[in-house]
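This report concerns only the one structure given below.
The values are calculated or read from the model by the stated rules, or taken from the named source; none is laboratory data. Computed from a predicted structure; not experimentally measured. Note that we place each Cβ from the backbone using ideal geometry, even for glycine, and neighbour counts take in every protein chain shown. In case anyone asks, the SASA skips ligands and DNA or RNA and just uses the protein heavy atoms, side chains included. Shrake-Rupley method; radii C 1.70, N 1.55, O 1.52, S 1.80 Å.
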Amino acid sequence: MGSLKNEVRVVEQIGDESGKEPILYVNGVRRVLPDGLAHLTLLEYLRDIGLVGTKLGCGEGGCGACTVMVSHYNKSMKKCVHYAVNACLAPLYSVEGMHVITVEGVGSCKNGLHPIQESLARSHGSQCGFCTPGFIMSMYALLRSSKTPPTEEQIEECLAGNLCRCTGYRPIVDAFQVFAKSNDALYTDKSTLNLKGDEFVCPLTGKPCSCKSQTVVGPGNHKHNTGCGDGFEPISYSEVNGSTYTDKELIFPPELLLMKLDPLSLSGFGGLKWYRPLSLQHLLELKAKHPEAKLLIGNTEVGIEMRLKRIQYHVLISVAHVPELNVLNVKDDGLEIGAAVRLTELLQMLRKVVNERAAHEVSSCKAFIEQLKWFAGTQIKNVASVGGNICTASPISDLNPLWMAARARFHIIDCRGNIRTTLAENFFLGYRKVDLASDEVLLSIFLPWTRPFEYVKEYKQAHRRDDDIAIVNAGMRVFLEEKGEQWLVSDASIVYGGVAPISLSAIKAKEFLIGKNWNQELLEGALKVLETDILLKEDAPGGMVEFRKSLTLSFFFKFFLWVSHQMDGKKSIESILISHLSAVQPFHRPSVVGSQDYEIRKHGTAVGSPEVHLSSRLQVTGEAEYTDDMPMPSNGLHAALVLSKKPHARIVKIDDSEAKSSPGFAGIFLAKDIPGDNRIGPVIDDEELFASEFVTCVGQVIGVVVADTHENAKIAARKVYVEYEELPAILSIQEAINADSYHPNSEKYLKKGDVELCFQSGQCDKIIDGEVQVGGQEHFYLEPQGSLVWTTDSGNEVHMISSTQAPQKHQKYVAHVLGLPMSKVVCKTKRIGGGFGGKETRSAFLAAAASVPSYMLNRPVKIILDRDIDMMITGQRHGFLGKYKVGFTKEGKVLALDLKIYNNAGNSLDLSLAVLERAMFHSDNVYEIPNIRILGRVCFTNFPSHTAFRGFGGPQGMLITENWIQRIAVELNKNPEEIREINFQGDGSMLHYGQQLQYCTLTQLWNELKLSCNLLKAREDINHFNLHNRWKKRGVAMVPTKFGISFTTKLMNQAGALVHVYTDGTVLVTHGGVEMGQGLHTKVAQVAASAFNIPLSSVFISETSTDKVPNASPTAASASSDMYGAAVLDACEQIKARMEPIASKHNFSSFAELASACYVQRIDLSAHGFYVTPEIGFDWRTGKGNPFRYFTYGAAFAEVEIDTLTGDFHTRAANIILDLGYSLNPAIDVGQIEGAFIQGLGWVALEELKWGDLAHKWIPPGCLYTCGPGSYKIPSINDAPFKFNVSLLKGHPNVKAIHSSKAVGEPPFFLASAVFFAIKDAIIAARAEVGHCEWFPLDNPATPERIRMACLDEFTAPFVNSDYRPKLSV
């Protein structure tokens, strides 16, 4: 199961019996689909036939990494339709008779790139590259399906279902917007532009411009404004053949044009039956025969139920091709919509209707258009159906409240052909239960036109605006009639989703409204009724009860204002205040516009040049290989883990008898089966590979099962029965403090000056104290954790390919658990699809787990974690608790800080102590504090061990600091920027751990940023906006950072490299660092190219391998370019020194000639380079030393706008400046800054981890609720700032690192806190409206819940008081 083996025949010729067998075209190749594969998804099929460019990122349609384009001939429209789908959800048989194009079918390095691929590669639009094929395919499908070039808005909309964790989206938008249509002249008649010979037409503006060539600003400066970029010629379109971008565009297969679809009756694993009826009659017959059958179209719900919820359905009926279910008719009295109509088709029809019909008729249509816009990603909307969404009856369905409110009628047919009609509001009976008998099918939906003065409006609030499920949504309708001088409510409907097990009609509110005057009195009365009409229990599933209740009132208030605004000018309708209009103005998001301002300081042939990522062309074509792309050997097995279900328990017994009889089972391995040592750990051995007697978290590994397929391994692992004796669990930092639960020897202490004396001496005009809770964060690398392990030489050696930042740790763990010497274990890593710290230590135990069956059975074993398991067991960024006491003068000068800082380590130490130490080092951020005392503790809790994450504790320490800085500003009634400035450190400042600052560029950066964003004017502008807008508020903030560069553990600051020069003049470099998207290999290759004065194309870096460079430190701490660049340079210099005597005697015309001459003279052209970071070291006993080689400084400005009624926010502008010395590659560095900033924005504003703890009693204890893209929201393309400007400080070389450069990976991450403090600034303005000017805490992430509940008003007052603080898992 889950694998094709050799079942697939590729048939090149069209046979006589083509109509008889199920077929599919993939990239122009005809394939026959055998019976027995109904359980397979399209993604599994594609990857099994070797098309691994399509990636598995999440398995639930939430990330877009698996996007492909599907084409089929629509007989009713008489044309080919092309659309993007999530291959991870599409059942294989659902695309029978269609043409699937994957990224491999678009273009390749050998045969030429498609312009889409070329543009993305050139624009630095891929970093780790794992998500890249998905973006390419989304854009490709848009262009293939567009008769005219798409608008910028359409381009961004088509990418909303694709996630990227690396780039920050701006370069992707840039790359694709060159295909946008902005000016008809460009696409109709070029000659009207009067171009001069070599002038280029900008695809964005349609005017002549020079954006095709680099804009040089002064000597060596480069300013790249991304309003326009490297472009391509205009695109022509043809319905069947697609656009003629290249000569090699795949056409729609002629056979499929002529082919007549046949009904399908096929089977799958475990007795699964798949039917495809082609008529309503056939469907009804099947339903009569199989009343329990599940009907599906897009599989967007059933797929999730079967894969993630593990619900077993035995009969699936695909109704996508039943004509009667696909009707879409405009009638005199409304719109008839077949139940199988896709949401994309509905959206297109609604837009058409709105343009063509009288405005008063289409109020409900407009509401549906708006709700569908934010419903889901394009890939989901392309396949999900109207009827499927209705019959799923989700309590948070975005559309069902609207059907109910808009008086929609549902037509239902039974197996005998009888049709009945029911009102939408009567259709939903209970949780996922509807008014459909087992012999009935939803046939169609009838949406009546609205009447004059009948208004329908949609509302929705989610964690993330784009592609997210609602927290609360609503559909509201009111029908007003004029009676004398008054407008009375003749009919009304108020329906909410997300507040009950079903979409809930507020009956009392409806009854209250009918017959009343539409005025202020009605509003106040209705709000009172709604308070009691919508009831949510304190422990309601989903939590956020107070927020959800307040949203029910906010939505109705917005509706009242909106209707009043629509009726403006009518007699007796009170005009709404201009300042209140902000509650009803629709949100329109402009396209992302960015600029990147940097100087190019070239050193030799390559260093300093903004080169594209060396793998970019492989990534955009899907040819870049990752761990799961490696072909599985014929005798290979797949591994699945047996995991603990309890947070703390004793294992009473393990029963594996049922697992052993599971299909494809090949073995189970527990603690007793480990040939070496079961104790593991990166710093101390305080973990067990397989739990032997006790489990200390949900998700702890108890054993590993291997089977012939991934799916069979998972099924067998779930059949292992473990009996537990439960023990008390500690599930938060506060519980750990109360129980004195700390990891041993993890208390740390730093001090400077005398804190107590300062507090008591009277020097401080004010002393404040408080607590800061800092939320955690999931890494959400797009490539899940994975390893492929095999033995060689009859099991004498073990080799593995792993997705890891630390191959040496994999080598060490595997050797340790197998009882082998490290010299017999090799780990290789080609590239990884994102790491961010999550693959530094927490990947190693997975490789070790897979190595046990591989070694014991002498067979290859692959382990690839599913996204939910990955998120559940591999740890996250540490949550922190900071308790501060700060003394300061009335001017705002900080005199003393007393800080206790705790982190939530989870059930093992891992790297938590080092994370705590860095948080303590960074607890001053950039501020001169004469007296400091910091106590740090590492808390033991019953959660999976938390681990490294970009910033490694630094951001948490700095966020605590910036919280009390902002509080000082409130206490003194000053701007926070003032407080920051007067406390800045500078050259010569002595830090609280004894290191003296040198070459501090903070003031220059700060002043430059202040000037570029015009902070004073920005403040004036937002004050003016806030004065005139009651329900929308804007805020600004400017935040600095200082990030120490080096591993704080001294021994890790060493690096090795191996350089070979070949006789053709090419160079092979191997070093200990891992390429994970950060451009490390590119920068290191640039160093080697410049060292030998050869082109960058002459240098190749293949992979990272423990048998080439031993004992390498993990690729982390932002220090890899510094260390491995220097090690490679050392090796190059050794070779150059050996070459020098030969080079000085002859005048060689090329490096190849020189290399050949040296070879003839028997000169060694291979060298091992080595580098140790000098002048560092810290002694915790004295609390003094130099833990860092140097510091990277930066600052950011952000402006945000919040909706105070819902908590929605968007970032209007972000300006970032960093001092990176003389950048090795400014384009890659800018990409790192943008990516880090957006990832940081997720941490401070979007991404909330919800664990089963006292704060979330509706989640089972110790379990992670947010374990996939459905519930955990990383930033999407719509979360990028509207204006996104990045600049690098000019003219400040760094004397302490290679070629005067500075490290970039982690320092920009914290700068996203400017968005957090801008949000807080906006909330302050909202609270001032109701007379609350006191300081208040705001925890991160500042989710809509936290924003809305902090904006106190009459709609929160019934539910919370002014010091309410939403719950947070820390």
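Only residues in region 781-797 that are more than 23 Å from SER126 (Cα to Cα) count as the first member; pair them with residues that are buried (at least 22 other Cβ atoms within 10 Å of the Cβ) and charged (D, E, K, R), Cβ under 6 angstrom, at least 6 apart or cross-chain, and list the lot.
LEU788/LYS862
Are any residues in region 97-146 in contact with a Pro (Cβ under 6 Å, 6 or more places away or on another chain) and open to solvent by less than 10 Å² (accessible area, probe 1.4 Å), and if so, which ones?
Across region 97-146, the qualifying residues are HIS99, VAL103, GLY125.
Residues that are open to solvent by 20 Å² or more (accessible area, probe 1.4 Å), out of contact with any helix residue (DSSP H, G or I) (no Cβ under 7 Å at 6 or more places or on another chain) and at pLDDT below 95: does region 1115-1134 have at least one?
no
For residues that are of a type in the set (Ser, Thr, Tyr) and touching a Phe, Trp or Tyr at 6+ places or on another chain (Cβ under 8 Å), scanning just region 871-904, find the one that is surrounded by the most Cβ atoms within 10 Å (Cβ to Cβ).
The extreme case among them is TYR902.
Kindly indicate whether ALA1314 is in contact (Cβ under 8 Å) with a residue 60 or more places away in the chain and more than 23 Å from THR1266 (Cα to Cα).
On the way: in contact (Cβ under 8 Å) with a residue 60 or more places away in the chain: yes; more than 23 Å from THR1266 (Cα to Cα): yes.
The answer is yes for ALA1314.
Out of the residues in region 685-742 meeting the condition of being polar (S, T, N, Q), part of a loop (DSSP other than H, G, I, E, B) and touching a His at 6+ places or on another chain (Cβ under 8 Å), tell me which one is surrounded by the fewest Cβ atoms within 10 Å (Cβ to Cβ).
Taking the candidates together, the pick is THR709.
One line per residue, one yes/no per condition, for (1) open to solvent by 40 Å² or more (accessible area, probe 1.4 Å); (2) in a helix (DSSP H, G or I):
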{"residue": "GLY957", "(1), (2)": "no, yes"}
{"residue": "GLN966", "(1), (2)": "no, yes"}
{"residue": "ALA969", "(1), (2)": "no, yes"}
{"residue": "GLU981", "(1), (2)": "yes, yes"}
{"residue": "GLY986", "(1), (2)": "no, no"}
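Output the residue which, of all residues in region 496-515 that are outside any loop (DSSP other than H, G, I, E, B) and farther than 17 Å from LYS433 by Cβ, is most open to solvent (accessible area, probe 1.4 Å).
The qualifying residue most open to solvent (accessible area, probe 1.4 Å) is GLU511.
Might you let me know whether region 905-923 holds any residue that is buried (at least 24 other Cβ atoms within 10 Å of the Cβ), within 20 Å of LEU750 (Cβ to Cβ) and in contact with a Cys (Cβ under 7 Å, 6 or more places away or on another chain)?
Yes, region 905-923 contains at least one residue that is buried (at least 24 other Cβ atoms within 10 Å of the Cβ), within 20 Å of LEU750 (Cβ to Cβ) and in contact with a Cys (Cβ under 7 Å, 6 or more places away or on another chain).
Against the condition open to solvent by 10 Å² or more (accessible area, probe 1.4 Å), modelled with pLDDT under 95 and charged (D, E, K, R), how does ASP189 come out, does it pass?
In short, yes.
Within region 1070-1087, take every residue that is open to solvent by less than 10 Å² (accessible area, probe 1.4 Å), in contact with a Phe, Trp or Tyr (Cβ under 9 Å, 6 or more places away or on another chain) and in a loop (DSSP other than H, G, I, E, B) and give me the one that is farthest from TYR781 (Cα to Cα).
Applying the filter and picking the extreme gives GLY1072.
Can you name the residue in region 602-625 that is closer than 21 Å to HIS1292 by Cα and touching a helix residue (DSSP H, G or I) at 6+ places or on another chain (Cβ under 8 Å) and, of all such residues, is most open to solvent (accessible area, probe 1.4 Å)? Spell out how you get there, then give the answer.
Our first condition is that a residue be closer than 21 Å to HIS1292 by Cα; within region 602-625, this holds for 602-604, 606-610.
Now restrict to residues that are touching a helix residue (DSSP H, G or I) at 6+ places or on another chain (Cβ under 8 Å): 603-604, 606-610.
On the way: HIS603: 94, GLY604: 48, ALA606: 1, VAL607: 5, GLY608: 0, SER609: 14, PRO610: 29 Å².
Selected residue: HIS603.
Considering region 652-665 alone, what residues qualify as being buried (at least 20 other Cβ atoms within 10 Å of the Cβ) and assigned to a strand (DSSP E or B)?
Matches in region 652-665: PHE665 only.
Considering every residue within region 1097-1113, establish whether at least one is of a type outside the set (S, T, N, Q) and over 29 Å from TYR781 (Cα atoms).
Of the residues in region 1097-1113, the ones of a type outside the set (S, T, N, Q) are 1099-1101, 1103, 1107-1110, 1112.
Keeping just the survivors that are over 29 Å from TYR781 (Cα atoms) gives none.
No, because not a single residue in region 1097-1113 is of a type outside the set (S, T, N, Q) and over 29 Å from TYR781 (Cα atoms).
Taking the stated definitions as given, is LYS660 under 19 Å from GLY703 (Cα atoms), under 32 Å from the mean Cα position of the chain (by Cα) and of a type in the set (D, E, K, R)? Walk me through how you get there before you give the answer.
Values: under 19 Å from GLY703 (Cα atoms): yes; under 32 Å from the mean Cα position of the chain (by Cα): no; of a type in the set (D, E, K, R): yes.
The answer is no for LYS660.
Just to verify a result, which residue in region 748-775, among those that are touching a residue at least 60 places away in the same chain (Cβ under 8 Å) and part of a loop (DSSP other than H, G, I, E, B), is nearest to THR874 (Cα to Cα)?
Ranking the candidates gives GLY775 first.
Mind checking which residues of region 1254-1294 are among the hydroxyl-bearing types (Ser, Thr, Tyr) and either under 24 Å from the mean Cα position of the chain (by Cα) or part of a loop (DSSP other than H, G, I, E, B) (or both)? Quick ask: steps written out before the conclusion?
Taking region 1254-1294 and keeping what is among the hydroxyl-bearing types (Ser, Thr, Tyr), we get 1265-1266, 1271-1272, 1276, 1287.
If the condition is that a residue be among the hydroxyl-bearing types (Ser, Thr, Tyr) and either under 24 Å from the mean Cα position of the chain (by Cα) or part of a loop (DSSP other than H, G, I, E, B) (or both), then TYR1265, THR1266, SER1271, TYR1272, SER1276 are the ones that fit.
Yes or no, residue by residue, for (1) free of Cβ contacts under 8 Å to residues at least 60 places away in the same chain; (2) open to solvent by less than 60 Å² (accessible area, probe 1.4 Å); (3) not acidic (Asp, Glu):
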residue: SER989; (1), (2), (3): no, yes, yes
residue: GLN998; (1), (2), (3): no, no, yes
residue: ASN1007; (1), (2), (3): yes, no, yes
residue: LYS1017; (1), (2), (3): yes, no, yes
residue: ASN1029; (1), (2), (3): no, yes, yes
residue: VAL1039; (1), (2), (3): no, yes, yes
residue: LEU1068; (1), (2), (3): yes, yes, yes
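Looking at region 350-368, which of its residues are among the hydrophobic types (A, V, I, L, M, F, W, C), surrounded by fewer than 18 Cβ atoms within 10 Å (Cβ to Cβ) and in contact (Cβ under 8 Å) with a residue 12 or more places away in the chain?
VAL354 - this is the single residue of region 350-368 that is among the hydrophobic types (A, V, I, L, M, F, W, C), surrounded by fewer than 18 Cβ atoms within 10 Å (Cβ to Cβ) and in contact (Cβ under 8 Å) with a residue 12 or more places away in the chain.
Just for strands (runs of 3 or more DSSP E) wholly inside region 1184-1243: which have at least 1 residues that are at pLDDT 95 or above and aromatic (Phe, Trp, Tyr)? Reasoning before the result, please.
Details: elements: 1184-1186, 1190-1203, 1209-1218.
Correct list: 1190-1203, 1209-1218.
In region 1317-1349, which residue that is open to solvent by 10 Å² or more (accessible area, probe 1.4 Å) and among the small types (Gly, Ala, Ser) is nearest to the chain's Cα centre (by Cα)?
ALA1325
I'd like to check something: does region 1149-1172 contain any residue that is farther than 30 Å from LYS1108 by Cα, more than 26 Å from the chain's Cα centre (by Cα) and without any contact (Cβ under 8 Å) to a residue 60 or more places away in the chain? Give the derivation first.
Filtering region 1149-1172 for residues farther than 30 Å from LYS1108 by Cα gives 1149.
Still in the running and more than 26 Å from the chain's Cα centre (by Cα): 1149.
Filter again for without any contact (Cβ under 8 Å) to a residue 60 or more places away in the chain, leaving 1149.
Yes, the conditions are met somewhere in region 1149-1172.
I'm trying to understand the selection: among the residues of region 405-445, which are open to solvent by 10 Å² or more (accessible area, probe 1.4 Å) and either of a type in the set (S, T, N, Q) or in contact with a Ser or Thr (Cβ under 8 Å, 6 or more places away or on another chain) (or both)?
ARG407, ARG409, HIS411, ASN418, THR421, THR422, GLU425, ASN426, PHE428, ARG432, ASP435, SER438 - these are the residues of region 405-445 that are open to solvent by 10 Å² or more (accessible area, probe 1.4 Å) and either of a type in the set (S, T, N, Q) or in contact with a Ser or Thr (Cβ under 8 Å, 6 or more places away or on another chain) (or both).
Can you tell me which residue is nearest to PHE1209 (Cα to Cα) among those in region 550-575 that are open to solvent by 30 Å² or more (accessible area, probe 1.4 Å) and out of contact with any strand residue (DSSP E or B) (no Cβ under 9 Å at 6 or more places or on another chain)?
HIS565
Scan VAL472, VAL489 and give me the residue that is touching a residue at least 60 places away in the same chain (Cβ under 8 Å) and either assigned to a strand (DSSP E or B) or on the phi < 0 side of the Ramachandran plot (or both).
Result: VAL472 is the single residue among VAL472, VAL489 that is touching a residue at least 60 places away in the same chain (Cβ under 8 Å) and either assigned to a strand (DSSP E or B) or on the phi < 0 side of the Ramachandran plot (or both).
Can we say TYR1171 is touching a Leu at 6+ places or on another chain (Cβ under 9 Å) and open to solvent by 40 Å² or more (accessible area, probe 1.4 Å)?
It is true that TYR1171 is touching a Leu at 6+ places or on another chain (Cβ under 9 Å) and open to solvent by 40 Å² or more (accessible area, probe 1.4 Å).
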